[in-house]
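The values are calculated or read from the model by the stated rules, or taken from the named source; none is laboratory data. Predicted model, so just to flag it, every value in this text is computed and none were measured. Heads up, the Cβs are rebuilt from the backbone with ideal geometry, glycines too, and the neighbour counts pull from every protein chain shown. Just the protein is used for accessible areas: all its heavy atoms, side chains included, with ligands, DNA and RNA removed. Shrake-Rupley method; radii C 1.70, N 1.55, O 1.52, S 1.80 Å.
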Amino acid sequence: MGTKQFKAESKRLLEMMIHSIYTHKEIFLRELISNASDAIDKLYFKSLTDDKVGLNKDDFAIWIDTDKEARTLKITDNGIGMTEEELENNLGTIANSGSFKFKSENKLEEDNQIIGQFGVGFYSAFMVAKKVTVISKAYGSDKAYRWESEGVDGYTITEDDKDTVGTVIILEMLDDTDDEKYGEFLDEYRIKGLIKKYSDYIRFPIKMKVQHSRPKEQTEEDKAANKPVEYEDYIEVETLNSMVPLWKKSKSELKEEDYKHFYTEKFYDYNEPLKYAHVKNEGMPSYNALLYIPSKAPFDYYSKEYEKGLQLYSNGVLIMDKCADLLPDYFSFVKGLVDSEDLSLNISREMLQHDRQLKVIAKSIEKTISSELKKMLKNEREKYEEFWKAFGMQVKYGVYSEFGMNKDKLQDLLLFTSSKDNKLVTLDEYVTGMREEQKYIYYATGESVARIEQLPQTELVKDNGFEILYLTDSIDEFAIKVIAKYKDKEFKNVSADDLGLETPEKKEELKAKEEESADMLKELGEALDGKVTKVVLSQRLKSHPVCLTSEGEITLEMEKVLNSMPTDQQVHAQRVLEINPEHEIYGKLKAIAEAGDKDKLTKYAKLLYTQALMIEGMPIDNPVEFSNLVCELM
Ligand code: ADP
Ligand code: MG
């Protein structure tokens, strides 16, 4: 059979591996052992329901052999093996290397970062080997095959002999250079260190023949003659990993580093987690869990690609890599695993979804996450704010989605920027800081804090000394609307018509003014030709001439958000143009109206409306007309 070419991406990945920096190269062993362990998991899983496998739990193992003269390292497993097609598909193309997302435009440093951060799989063997040979016999097949490759030039697959089911991988190490000693990876001591570091919790024994020496027996005469003791070498098979999964160890045995190290190795995230929890639940169902809150959102977190879920083990055997049912959407950022003896092993995925035990576990996990977050908020504010930056948006979606079903559970986790020093505050902190005469929780919306601060609508509320929550994410106002009331205090948009700030006298005064200029307001409204539902005199404006607000359920911000979604339906807020009766412009308008200059009043109406749009950060209907009008008046 001729040499086959790797798929283009695989070839590039191979090149990347070959040029990676030396300190990363040691992970090849972790990758190959993890593959061996995955393969054994699969066959072990089968053996539970299929007697034909013919192996007991204790028979499964991974063996490491070295041959210093031939410069080879051999990793053998009695897992499920690969058929000819599987060798072709799994090792010939990178697409099957699950954890690796390939980016074609990477520069070399970035490549190295990728290698450091992700599981890069089988190809990592080429970081240390000039030739890789895989001999495999799949379970249920009577033929074995040999896959061979010397790197980028391609690979061959030929038939081969192998008695037992499983896989052998033989690496012929690269030649040593001045600064890269590949021969090191054949040293017993180095291998032991790597296994302890990366693969200690692998559930199957990793065995290696180790050479020891012992003193030879001496005869009585030798002893009497005081002859020096002679030593002899002997070979012993040692198990290099402790095999107890971290989550099954007792908490007192474990240090913070152990948890963090495990996280990095297991979830390929080189940023330290913000928080971890080790749960040991003895009740029904009994389970162990390790839960981690990452410090940064993965690059695909806010996309459809992101898959939430915890690893699910049944008594130490992995049954699902990402069990989505264990995490609610609003906590989808949590990484970790659950191991329960009370889950049946041979349960199908479909059945699992309806499993009562699983539901109970999921509930209790949710409680743990929630209480860990609350603890962090209370005791480690800075950390919590870091968490909030990474995942706050997800929690806010959680408040809003499912018709607000989960809002009570989540509302105390929310943070918003406050008008007081632009610091993040909780709703509880806001309400605690409310002045006695303050009726509402005030909020303002806009695309950024800077933009909101300039909104004319915020002036009056701030002048009264009241704090305002600045809502800058598009989801914010929807979440607030769903919560509706916090500790009996209603939320109030600073653009709402009744801010609860006006004294009865002021109201009277305004009413009188409005009656007096009713005709003018009506004419202004007509001039705007359906763009606004009405023009009113404002009670909230201080220095600004105009602002745009809305009446009814849909606010201007919601209109922006809803219309940016990919649906045909256009939503319109009922717009209200407010004019400041204390502003100079008010007198001018009145004079024009009294003089009966309709044409001029129309132009003023358009100008003021456009100004209001601009302040709100909304698109202008007719920029050319606006520009012409400005010039005309100049
Ligand atoms: P990943 O482990 O993330 O799937 P790898 O590149 O490490 O990616 O491995 C690719 C695939 O090759 C695996 O998914 C598996 O199907 C197969 N494979 C690798 N090593 C073995 C092995 N020792 N036994 C059986 N299959 C293996
Ligand atoms: Mg792998």
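Some notes on this structure:
- If you check Tyr443, Tyr470 for being modelled with pLDDT of 95 or more, farther than 22 Å from Met376 by Cβ and touching a Ser or Thr at 6+ places or on another chain (Cβ under 9 Å), only one passes: Tyr470.
- Single condition Thr264 does not satisfy, out of (1) in contact (Cβ under 8 Å) with a residue 12 or more places away in the chain; (2) open to solvent by less than 40 Å² (accessible area, probe 1.4 Å): (1)
- Residue tally, condition in contact with a Lys or Arg (Cβ under 8 Å, 6 or more places away or on another chain) and more than 16 Å from ligand 1 (Cβ to nearest atom), over the range 164-179: 4
- Within the range 32-54, tally of residues that are surrounded by fewer than 17 Cβ atoms within 10 Å (Cβ to Cβ) and either more than 13 Å from ligand 1 (Cβ to nearest atom) or basic (Lys, Arg) (or both): 8
- Helices (runs of 4 or more DSSP H) lying entirely in the range 427-528 (those with 3 or more residues that are in contact with a helix residue (DSSP H, G or I) (Cβ under 8 Å, 6 or more places away or on another chain) and open to solvent by less than 30 Å² (accessible area, probe 1.4 Å)): 476-483, 518-527
- Checking each residue in the range 309-319 for being more than 13 Å from Ser37 (Cβ to Cβ) and at pLDDT below 80 picks out Ser314, Asn315, Ile319.
- Residues of the range 291-308 classified as small (Gly, Ala, Ser) and more than 25 Å from Glu256 (Cβ to Cβ), total: 1
- Contacts under 9 angstrom Cβ, first residue in the range 493-510 being closer than 28 Å to Ser418 by Cα, partner open to solvent by 100 Å² or more (accessible area, probe 1.4 Å), 6 or more apart: Leu499/Lys439; Gly500/Lys439; Leu501/Lys439
- Taking the range 121-148 as the range and being of a type in the set (D, E, K, R), more than 11 Å from ligand 1 (Cβ to nearest atom) and under 10 Å from Met82 (Cβ atoms) as the test, no residue passes.
- With a requirement of 1 or more residues that are within 16 Å of ligand 2 (Cβ to nearest atom), among the hydrophobic types (A, V, I, L, M, F, W, C) and without any contact (Cβ under 8 Å) to a residue 60 or more places away in the chain, the strands (runs of 3 or more DSSP E) lying completely within the range 120-213 that satisfy it span 129-137.
- Screening the range 363-407 for residues that are of a type in the set (Gly, Ala, Ser), in contact with a Phe, Trp or Tyr (Cβ under 9 Å, 6 or more places away or on another chain) and in a helix (DSSP H, G or I) and picking the one that is farthest from Asn271 (Cα to Cα) gives Ser364.
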